[in-house]
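Novice: Sharing a structure with you now.
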Amino acid sequence: MTSRSEASTALPEPTKGLAGIVAADTTLSFIDGEKGVLKYCGYAIDDLAASSSFEEVVCLLYDRELPSPERLADMRERIGAARVLPSEVKQVIEQLAGSTSPMSTLRTVVSALGHYESNVALKELPPKALRLVGQIAAAVAMIHRLREGLGPVEADPERGHADDFLRMLLGSEPTETQTKALDLYLILLADHGFNASTFSGRVTAGTLANLHSAITSAVGTLSGPLHGGANERAMEMIIKIGSPERAAGWVEERIAAKQRIMGFGHRVYKVDDPRAPHLKSSSQTLWEERGDTVLFDTSVAIEKEVKAAKPLITNVDFYSATLLYGLNIPTDLFTPLFAMSRVAGWTAHVLEQYGNNRLIRPRARYVGKADRTYVPLEQR
Ligand SMILES: CC(C)(COP(=O)(O)OP(=O)(O)OC[C@H]1O[C@@H](n2cnc3c(N)ncnc32)[C@H](O)[C@@H]1OP(=O)(O)O)[C@@H](O)C(=O)NCCC(=O)NCCS
């Protein structure tokens, strides 16, 4: 039996997982989980998915306004230039790629990148933050090439971010469909309120630790299977099931065993995640271009069976898995790809935190044993 101390019982009942707790104001993204709405700075995700580009979304998140043509060109140039990594950081990747998971290497790379940036005043931070957007993409491509025993492909700063990344990763010219699909993915995952990784980045920034410490925290937090790691596991499941006919039996078994099915369920959305239909439709186009839709069809069958079995919503990870795999991206690179998009939101949130900071420091309610008498070691 545990007894509680007086001081601890005086604290309010904690909310497990901080569910429903509003921790701060933001001017970045708006989410209505009941209605399935996501907006960046007031612009509906559907409009951005249909007409925007990742670079434009980065402008929006940094400036809170859609860019002029000149600002967009400037943004493309800055992100493109940042895809050329410092040689010392390339050496870090050479040492680590292949010996540890891509996500662990990426976390170390983000930390290492901080050594090549000076600590700067708040107003000088945005260009430094922006460099991380280009650098993370270049690092992910290089990590993959080296661990596969392939030579790195140099960045072409003139090209669009999604297009150049695919070329740097796969070593060949991407098709228009492929570039569009990746661009869409990057737009859709760029920001999402106080998700766990963004929150951990803001907690770190809230201590006035530097930008790279905050983004290193965010990368580490993203790596877990209940957050960024879910689409990797979703794809492994889709591959394992392998054909639409096998979906029903597999889902039934899994639900009966009370196991979680990756790519379904969400803390905030009570209806389907508004990003999911865009990813599903782009994924279908991609697999049709490949001329083999079995894995896409398997995803559709799994979704149908899960929904018939349990009132679960389809989250962003489910069809992002099919989309990324359709781009020939191996499953263990899915979470680094997530980081490559979310770094736009992370950095924008960290800048927002620095701009109106207060240390983030909640309380914990002590429920352990109370008022114990210390017993010297020799008497135990
Ligand atoms: C995202 C997630 C962590 C949200 O968790 P949460 O808000 O803490 O919700 P809970 O873990 O309390 O789940 C609530 C109920 O739904 C069930 N549930 C939630 N997600 C489920 C899933 N993917 N498969 C099966 N059941 C699920 C839980 O078992 C629980 O049921 P119970 O009340 O009968 O025990 C959770 O839905 C999940 O684990 N999903 C799979 C991982 C995933 O896709 N993550 C990416 C999120 S974008």
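Novice: Looking at (1) loosely packed, with under 15 Cβ neighbours inside 10 Å; (2) within 15 Å of the ligand (Cβ to nearest atom); (3) of a type outside the set (Gly, Ala, Ser); (4) part of a helix (DSSP H, G or I), can you tell me which one Met235 breaks?
Specialist: Met235 satisfies every listed condition except (1).
Novice: What helices (runs of 4 or more DSSP H), lying completely within the stretch 17-101, carry at least 2 residues that are under 20 Å from Leu189 (Cβ atoms)?
Specialist: Fully inside the stretch 17-101 and qualifying: 45-51, 54-63, 69-82.
Novice: Given the options Gly17, Gly42, name the one that is small (Gly, Ala, Ser) and modelled with pLDDT of 95 or more.
Specialist: Among Gly17, Gly42, only Gly42 is small (Gly, Ala, Ser) and modelled with pLDDT of 95 or more.
Novice: Would you check which residues across the stretch 159-203 are over 18 Å from Pro336 (Cβ atoms), within 16 Å of the ligand (Cβ to nearest atom) and either assigned to a helix (DSSP H, G or I) or free of Cβ contacts under 8 Å to residues at least 60 places away in the same chain (or both) and list them?
Specialist: If the condition is that a residue be over 18 Å from Pro336 (Cβ atoms), within 16 Å of the ligand (Cβ to nearest atom) and either assigned to a helix (DSSP H, G or I) or free of Cβ contacts under 8 Å to residues at least 60 places away in the same chain (or both), then Phe199 is the only one that fits.
Novice: Any idea how many residues of the stretch 274-290 are in contact (Cβ under 8 Å) with a residue 60 or more places away in the chain and away from the ligand (no atom under 16 Å from the Cβ)?
Specialist: First, pick out the residues of the stretch 274-290 that are in contact (Cβ under 8 Å) with a residue 60 or more places away in the chain: 274-275, 278-279, 282-283, 285-286, 289.
Now drop any that are not away from the ligand (no atom under 16 Å from the Cβ), which leaves 282-283, 285-286, 289.
Of the residues in that region, 5 qualify.
Novice: Going by the structure shown, is Ile261 of a type in the set (Val, Ile, Thr), within 11 Å of the ligand (Cβ to nearest atom) and in contact (Cβ under 8 Å) with a residue 40 or more places away in the chain?
Specialist: Here the answer is yes, as Ile261 does meet what is asked.
Novice: Still on this structure: In this structure, is Arg342 modelled with pLDDT of 95 or more, of a type in the set (Lys, Arg) and either outside the structural domain of His278 (by TED's automatic domain parsing) or buried (at least 24 other Cβ atoms within 10 Å of the Cβ) (or both)?
Specialist: Details: modelled with pLDDT of 95 or more: yes; of a type in the set (Lys, Arg): yes; either outside the structural domain of His278 (by TED's automatic domain parsing) or buried (at least 24 other Cβ atoms within 10 Å of the Cβ) (or both): yes.
Yes.
Novice: Separate question: Name the single residue that is farthest from the ligand (Cβ to nearest atom) among those in the stretch 204-232 being over 14 Å from the mean Cα position of the chain (by Cα), outside any helix (DSSP H, G or I) and among the hydrophobic types (A, V, I, L, M, F, W, C). Before the answer, list the steps.
Specialist: The first filter runs over the stretch 204-232 and keeps only residues over 14 Å from the mean Cα position of the chain (by Cα), leaving 204-214.
So of that shortlist, the ones also outside any helix (DSSP H, G or I) come out as 207-210.
Now narrow it down to the ones that are among the hydrophobic types (A, V, I, L, M, F, W, C): 208-209.
Values: Leu208: 30, Ala209: 27 Å.
Out of the qualifying residues, it is Leu208.
Novice: When Ser243 is evaluated against the numbered criteria (1) of a type in the set (Ser, Thr, Tyr); (2) away from the ligand (no atom under 16 Å from the Cβ); (3) over 23 Å from His278 (Cα atoms), which criterion, by number, is the only one it fails?
Specialist: It is condition (3) that Ser243 fails.
Novice: Please state which of the following conditions Met103 fails to meet, knowing it meets all the rest: (1) without any contact (Cβ under 8 Å) to a residue 40 or more places away in the chain; (2) within 16 Å of the ligand (Cβ to nearest atom); (3) of a type in the set (A, V, I, L, M, F, W, C).
Specialist: Against the list (1) without any contact (Cβ under 8 Å) to a residue 40 or more places away in the chain; (2) within 16 Å of the ligand (Cβ to nearest atom); (3) of a type in the set (A, V, I, L, M, F, W, C), Met103 comes up short only on (1).
Novice: Please determine, by comparing only the residues of the stretch 307-323 that are within 9 Å of the ligand (Cβ to nearest atom) and within 14 Å of Ile238 (Cβ to Cβ), which one is nearest to the chain's Cα centre (by Cα).
Specialist: The selected residue is Asp317.
Novice: Checking the conditions here, which among Thr322, Thr285, Thr298, Thr293 is surrounded by fewer than 20 Cβ atoms within 10 Å (Cβ to Cβ), under 24 Å from Gly249 (Cα atoms), modelled with pLDDT of 95 or more and hydroxyl-bearing (Ser, Thr, Tyr)?
Specialist: None of the other options fit; the residue is Thr293.
So that you can scan it fast, the table gives a plain yes or no per residue for (1) in the same structural domain as Arg246 (by TED's automatic domain parsing); (2) touching a residue at least 12 places away in the same chain (Cβ under 8 Å); (3) touching a Pro at 6+ places or on another chain (Cβ under 8 Å):
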site	(1), (2), (3)
Asp292	yes, no, no
Val300	yes, yes, yes
Lys304	yes, yes, no
Lys310	yes, yes, no
Asp317	yes, yes, no
Ser320	yes, yes, no
Ala348	no, yes, no
Arg380	no, no, no
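The values are calculated or read from the model by the stated rules, or taken from the named source; none is laboratory data. Source: prediction; values computed, not measured. Glycine gets a Cβ as well: all are built from the backbone with ideal geometry, and neighbour counts include every protein chain shown.
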